[in-house]
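Nothing in this text is a laboratory measurement; each read-out follows from the coordinates by a stated rule. Please read these numbers as outputs of a predicted model, since none were measured by experiment. Here the Cβ positions follow ideal geometry from the backbone for every residue, glycine too, while neighbour counts run over all protein chains shown.
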Amino acid sequence: MQADVEESKTQENAKLRTTLQEMQLEFQESKALLIKEREYIKKEAEKVPTIQEVPVIDNELVNKLTAENEMLKVKLFMHCYFLLNELSSWYRACQMTVYVLLL
């Protein structure tokens, strides 16, 4: 009985060692593939031609957009000013209501 248990343990250890060796081999192969892929990607990245940008300026469009931006700034300012006045009026009305309620 004792010999059977020892034999079973020995066989299990052998299987585990074999599995471990297989896993280590797979790991080494995967690592080698990843290194090859990294080197290939680096080489390909170096091959990509650099594209030189040429600025294209359309002065008419730039002037039109600048004018539109200025107009939008004025509209935004006017809208904020209007809202501020509305809010100020509402605040004064609330203050008056609170004052009346406290009397």
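Before moving on, here are some points about what is shown:
- Note on region 37-51 and region 66-97: Cα centroid distance 56 Å, given to the nearest whole angstrom.
- Point-charge dipole on Cβ atoms (K/R +1, D/E -1) for the chain, about Cα centre, debye to 20: 560
- Hydrodynamic analysis of region 1-52 uses the Kirkwood radius over alpha carbon pairs. Inserted into Stokes-Einstein at 20 °C and 1.002 mPa s, it gives a translational diffusion coefficient of 145 µm²/s.
- Among 55, 65, 13 the positive-end extreme of the charge dipole of the chain (Cβ point charges): 65
- Solvent-free Debye scattering, log10 I(q)/I(0), computed from the Cα coordinates of the chain at q = 0.10, 0.11 Å⁻¹: -0.72, -0.77
- Here the sum of -39500 (n - 2.57) over DSSP H runs of 4 or more residues, divided by the residues of the chain, equals -32500 deg cm²/dmol at 222 nm, to the nearest 500.
- Per residue Cα convex hull volume in Å³ - calculated over region 46-103: 112
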